[in-house]
Amino acid sequence: MSLVHVAAFGEEFSLHSFERQQLSDTYYSEGTAIGDFNGDKIMDVVYGPLWFAGPDFKTSHEIYKPVPQNRDRYADKFFAWAYDFNQDGWDDVLVNGFPGTAAYVFENPGQAGHDKHWTKHEVFDWVSNESPQLTNIVGNERPEFVCTRDGFFGYVSIDWEKPFGKWTFHPISEQVTAKRFGHGLGIGDINGDGRQDLIHSKGWYEQPEKKAGESRWLSHQVSFSDAYGGAEMYAYDVDGDGDSDVITSQAAHDFGLSWYEQIQNGDKRTFKQHLIMGDHPSLNRYGIVFSELHSVNLMDIDGDGLKDVVTGKTYYSHHKGSPMWDAGAVVYWFRLTRSKDGVDWVPHKADGEAGIGRQVVVGDINGDGLNDIITGGMVGAHVLTQAKSSVSRAEWAKAQPKKYKGKPLPTVEGATSLRGSKAPIAGATGTVPKVLEGESLKLKPTGGTVNPQGMGNFKTDKWSGNSHLFWTGGRPGDELKVPLKTKQKNIDLEIVMTCARDYGIVQLSVDEKPLGPPIDLFDANVITTGVLKFNDVKLTSDSPVLAFQILGANPRAKKAFIVGIDYLRIIEK
């Protein structure tokens, strides 16, 4: 059991925890759904080809033939929603596959048919965007399916006389977005006119008063991401001032969670970003950082009347391509609080192993009045069941997350593109004599990995030994330390590093004393820095250390923060 949260109401102190139950350890789908599939008025869980009967979820039934998915690729089922489409009293399952493929409804056969596979109906030919949603957008009694198709934002209406027939797409924008993928999509009333608007990472579309399905909606350009977009997006009055703010993750496969405060000045409407969590511990008030927030839900977890953010790590979402990809399959919820000091989102870890997929579902799975969390993805399917208990004031205080008191985020202020003369590589050997080759170093950085990388294929420059030490996966604040094996107290240093489009800005220091300003390793071509000379370096430790610390990246760089070390030379004086 994971102890995750304490809430205080007057003199009553309550503690919330989540108990994890794994339904399956097989990768079948990136999403889950909850519904009543056997008519017993108890919630069940669907995960890919299987549904698990509540309340104990120990018995599974096949919807279609189970085929385990390749974790080094992607599942053929991404999203699922439970809804009684034909109004026969039995919840069916809507499934959306890999982005750019069709959507299907699996028709619930009813109690007598649960020993057979369900009938599959293709209802829509092309679902894009990686956060489609089954929700009510145009004010009808029944939901629509919100997604993109062929570069158009829009929604899909259902013919409720023939719900398993072909559904109709209504484009509300011009052809402005990704034809197949795309990150960031939501529904909410931004301008307070009582109609739901469509939100995306670059703004929002205002629903017209009439003929919503026949019109292009008015586009409002707003940057709701400092990257490429995240997951589900929400319009919610975060600060309690009466208007709708926007909540979103910043980059589905990277870092960032924010809320955007709506500020109205007459007819002008602007949004101010407030970062909840970034890519460094200092960017969260409580030092929390994790990556791959590919799904976000907004629900009241602790019952205080305010909606909280539920998210987590979409473990292995881009396999080993995302930063901190192997840092743990966590699930968190961020409790919204309001006070005279403003808004705070207090993080609480619900679990450390379940992770999330492209969907994280929140709902009362067992009818006890508490919202639970249901996840499915690369690490299988899990139910995180919430429990609540009364505690003393002392227990309440002890369980509160502590404020971050660690190192601040490094700054790139004063960074320079320091470059030196070409390395004196000997023609006969292809090396520089009497140097410490970077690729020979056996080091472990605080983040990421280091490996030798051959550089012979890059013809724009030359590297000693045609190789360098290649540090990838590091983030701002991470360090790589190189012991300096010398007994002298005063030395000169020569260092050659690599530059390219996806390289970072680094601070060099010896015994924690900076060697000049930060060095910007960005360049349009793959080249070396040349020989960087640092004279009269005073060593204050008996075991001196040269440190490379990543500070950030050039605004024009691809934010991979790579560092390459060709060689070092210690010149004893």
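Residue 136 to residue 542: extension gain in nm, 0.36 nm per residue of separation minus the Cα-Cα distance? Spell out each step's value before the answer.
Working: separation 406, 0.36 × 406 = 146.16 nm, distance 6.81 nm.
Here the answer is 139.4 nm.
Does segment 122-218 come out rounded, prolate or oblate, given a ≥ b ≥ c as the square roots of the eigenvalues of its C-alpha gyration tensor, rounded meaning a/c under 1.5 and, failing that, prolate meaning a/b above b/c? Could the numbers behind the result be given before it?
Numbers: a/c = 1.70, a/b = 1.10, b/c = 1.54.
The shape class here is oblate.
Under a cut-off of 14 Å between alpha-carbon atoms, report the aspartates and glutamates in cross-link reach of residue 65, not counting same-chain residues fewer than 8 places apart.
76, 115
For segment 7-69 and segment 366-407, compute the distance between their C-alpha centroids and round to whole Å.
Here the two parts' Cα centres lie 17 Å apart.
Over the chain, what is the percentage of antiparallel beta bridges among all DSSP beta bridges, to the nearest 5?
Values: 150 of 157 bridges.
Restricted to the chain, the bridges split so that about 95 percent are antiparallel.
Please list, in order along segment 71-87, the HN-Hα scalar couplings obtained from phi with the Karplus expression 6.51 cos²θ - 1.76 cosθ + 1.60 (θ = phi - 60°), rounded to whole Hz, x for Gly and Pro.
After applying 6.51 cos²θ - 1.76 cosθ + 1.60, I find 5, 8, 10, 9, 6, 8, 10, 9, 10, 8, 9, 9, 6, 7, 5, 9, 6 Hz.
If I compute solvent accessible area with a 1.4 Å probe over the protein chains, what percent of it on the chain is carbon and sulfur?
Details: 12100 of 25050 Å².
So the carbon and sulfur contribution to the accessible surface is 48 percent.
Let me check against my output: what whole-number percent is the relative contact order of segment 172-259, with C-alpha pairs under 8 Å and at least 6 apart?
Details: 191 pairs, mean separation 23.2, N = 88.
RCO, segment 172-259: 26 percent.
Just from its helices, what would the mean residue ellipticity at 222 nm be for the chain, if runs of 4 or more DSSP H residues each count -39500 (n - 2.57) and the sum is divided by every residue, rounded to the nearest 500 deg cm²/dmol?
Values: 1 runs with 7 residues, N = 573.
-500 deg cm²/dmol, from helical runs alone.
In whole Å, what is the distance between the alpha-carbon centres of segment 123-168 and segment 474-521?
Value for the Cα centre distance between the two parts: 54 Å.
Cut-off 15 Å, label point 7 angstrom out along Cα-to-Cβ of residue 300: give me the residues of segment 312-335 whose amide nitrogen falls inside.
Under 15 Å, as judged by backbone N against the label point of residue 300, lie 335 of segment 312-335.
Counting only heavy atoms of the protein chains, get the accessible area per residue of the chain (1.4 Å probe) and round it to a whole Å² value.
Values: 25050 Å² over 573 residues.
On a per-residue basis, 44 Å².
With contacts defined as alpha carbon pairs under 8 Å and 6 or more residues apart, what's the relative contact order of the chain in percent?
Details: 1621 pairs, mean separation 63.7, N = 573.
Relative CO of the chain lands at 11 percent.
So who's got an amide H within less than 5 Å of the one on residue 562, skipping anything under 5 residues away but keeping other chains? H placed 1.01 Å off N, in plane.
Under 5 Å from the amide H of residue 562 lie the amide H atoms of 503, 504, each far enough along the sequence or on another chain.
Quick check on segment 311-369: take the gyration tensor over C-alpha atoms, sort the square-rooted eigenvalues as a ≥ b ≥ c, and tell me if it's rounded (a/c under 1.5), prolate or oblate. Please report the intermediate quantities before stating the final value.
Values: a/c = 2.81, a/b = 1.39, b/c = 2.03.
Because a/c hits 1.5 or more and a/b fails to exceed b/c, segment 311-369 counts as oblate.
Across segment 449-463, in residue order, what do the Karplus-derived ³J(HN,Hα) couplings come to in whole Hz, using 6.51 cos²θ - 1.76 cosθ + 1.60 with θ = phi - 60° and x for Gly and Pro?
9, 10, 8, x, 9, x, 10, x, 7, 8, 8, 7, 7, 10, 10
If R0 is 22 Å, what FRET efficiency do you get for residue 218 and residue 161 from their C-beta distance, rounded to 0.05? Working shown, then result.
Working: r = 32 Å, r/R0 = 1.44.
Working from the Cβ atoms, E equals 0.10.
Under the rule of at least 5 residues apart or a separate chain, name every residue whose amide H is placed under 5 Å from the amide H of residue 335.
346, 348
With +1 assigned to the C-beta of every Lys and Arg and -1 to the C-beta of every Asp and Glu, and no other charges, what is the dipole magnitude of the chain about the Cα centre in debye, to the nearest 20? Intermediate values should be presented prior to the final figure.
Values: 60 positive and 75 negative charges, 631 e Å.
In debye, rounded to 20, the chain gives about 3040.
Kindly provide the GluC sites (Glu not before Pro) of segment 107-181 that DSSP labels as loop, not H, G, I, E or B, and whose Cβ sees at most 10 other Cβ atoms within 10 Å. Don't jump to the answer; show the numbers that get you there.
Numbers: sites: 107, 122, 130, 141, 144, 161, 174; in loops: 141, 161.
Counting only loop positions with at most 10 other Cβ atoms within 10 Å, the GluC sites (Glu not before Pro) in segment 107-181 are 141, 161.
When Lys and Arg each count +1 and Asp and Glu each count -1, what net charge do the other residues less than 12 Å away from residue 506, Cβ to Cβ, add up to? If you can, show how the numbers build up before the last one.
Numbers: positive: none; negative: 478, 479, 520.
Combined, the nearby Lys, Arg, Asp and Glu give -3.
Starting with the highest mean, order 283-289, 346-352 by the number of other Cβ atoms within 10 Å, averaged over the residues of each peptide. Present the calculation step by step, with values, prior to reporting the outcome.
Details: 283-289: 18.7, 346-352: 21.1.
Highest mean packing first, the order is 346-352, 283-289.
How would you classify segment 260-386 from its alpha-carbon gyration tensor, with a ≥ b ≥ c the square roots of the eigenvalues: rounded for a/c under 1.5, else prolate if a/b is greater than b/c, otherwise oblate?
Numbers: a/c = 1.93, a/b = 1.29, b/c = 1.50.
Oblate.
Sequence neighbours fewer than 8 away in the same chain don't count; with that in mind, list the lysines whose C-alpha is under 25 Å from residue 340.
In chain and number order, the partners are 272, 307, 398, 402, 403, 405.
If we sort 393-403, 373-383 on the protection proxy, mean other Cβ atoms within 10 Å, highest first, what's the order?
Values: 393-403: 12.6, 373-383: 27.2.
Final packing ranking: 373-383, 393-403.
Only one of the listed values, (i) 19, 54, 25, 2, 0; (ii) 19, 45, 28, 7, 0; (iii) 17, 43, 33, 7, 0, was derived from the coordinates as P(r) over Cα pairs in 20 Å bins from 0, in percent; which label is it?
Derived directly from the coordinates: (ii).
The values are calculated or read from the model by the stated rules, or taken from the named source; none is laboratory data. Predicted, not measured: the structure shown is a model, and the values here were computed from it. As a convention, Cβ positions derive from the backbone with ideal geometry for all residues, glycine included, and neighbour counts pool all protein chains shown. SASA here: full protein model, heavy atoms, side chains in, ligands and nucleic acids out. Shrake-Rupley method; radii C 1.70, N 1.55, O 1.52, S 1.80 Å.
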